[in-house]
Amino acid sequence: MNPRPLVAGNWKMNGLKAAFAELSAIRDAVSQFPKENVDFAICPPATLVSAAADMTRGTRLKIGGQDCHTKISGAHTGDISAAMLADAGAAYVILGHSERRADHHESDALVRAKAEAAIRAGLVAVVCVGETKDQRVAGDTLKVVEAQVDGSLPPGATADNLVIAYEPVWAIGTGLTPTAADVAEVHAFIRAQLKRLVPDAADGVRILYGGSVKPANAAELMAVANVNGALIGGASLKCDDFIRIAAAYK
């Protein structure tokens, strides 16, 4: 039996209070989605998490954060703990996104520690992995993904508290996407890795695809074996695009 799909949006550093109109539209559209066996989430900037969670409480649309600290609290100016996100009403948190790995020099070990903190706080950790263009051209895609999964996966992860998102860095925001065969190869590789690392949970852990997911390519990508949903960037900022992507599961 395939894992329950998750369609999640990463708003990145986008969204002021005015964005609640779009979030309301997404919430209402999700409530009318015909299939009950699909999960939905939006991860807005931290300034909007609490109000977004209030707006969506009791609905099918869940809210997530985009990062968290490894500690519960302390002298870490500007940081947000997983416990704070949970307290604000979040259900998910994105960790190890390529933009965090590049811009903030986050290592696999740090991503793992953050994932452990997220799970302790009762959040679902969405751990991102993916190769750069140079690494793909060099034929190192699987080697890079293997190292990131090995190093970033928290011990004791289960299908209920872990999601993996494969996002080839060169496809994020570029309009470029790997072929369905390329995606199938990497997702099958990650699934095999999970069977080695967390054998009891491996079949149930959702593996999302992310990287220029659009309404035009969603149906093809979501139909690939071991693709259990999408982590959507820019297209998640508009209700129509987000729901048209989710329609791959109608």
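The values are calculated or read from the model by the stated rules, or taken from the named source; none is laboratory data. Everything numeric in this text was worked out from a predicted model, so none of it was measured. Neighbour counts are summed over all protein chains in view; Cβ atoms, including those assigned to glycine, are modelled from backbone coordinates with ideal geometry.
The set of residues from the range 38-52 being closer than 22 Å to Arg100 by Cβ and surrounded by 19 or more Cβ atoms within 10 Å (Cβ to Cβ) comprises Ala41, Ile42, Cys43, Pro44, Leu48, Val49, Ala52. Every listed requirement among (1) out of contact with any strand residue (DSSP E or B) (no Cβ under 7 Å at 6 or more places or on another chain); (2) touching a residue at least 60 places away in the same chain (Cβ under 8 Å) is met by Lys195 save one, (2). In the range 92-109, of all residues being crowded, with 19+ Cβ neighbours inside 10 Å and aliphatic (A, V, I, L, M), the one that is nearest to Ala51 (Cα to Cα) corresponds to Val93.
Filter the range 72-90 down to the residues that are crowded, with 18+ Cβ neighbours inside 10 Å and either of a type in the set (Asp, Glu) or touching a Gly at 6+ places or on another chain (Cβ under 6 Å) (or both) and list them by number. Across the range 72-90, the qualifying residues are Leu85, Ala86, Ala90. Once the range 1-51 is narrowed to residues that are β-branched (Val, Ile, Thr) and touching a Gly at 6+ places or on another chain (Cβ under 7 Å), the residue that is nearest to Asp67 (Cα to Cα) is Val49. Restricted to the range 151-182, and to residues there that are under 16 Å from the mean Cα position of the chain (by Cα) and outside any loop (DSSP other than H, G, I, E, B), the residue that is modelled with the lowest pLDDT is Ala171. Reported count of residues in the range 186-214, each being assigned to a helix (DSSP H, G or I), surrounded by fewer than 17 Cβ atoms within 10 Å (Cβ to Cβ) and not hydrophobic (A, V, I, L, M, F, W, C), is 2.
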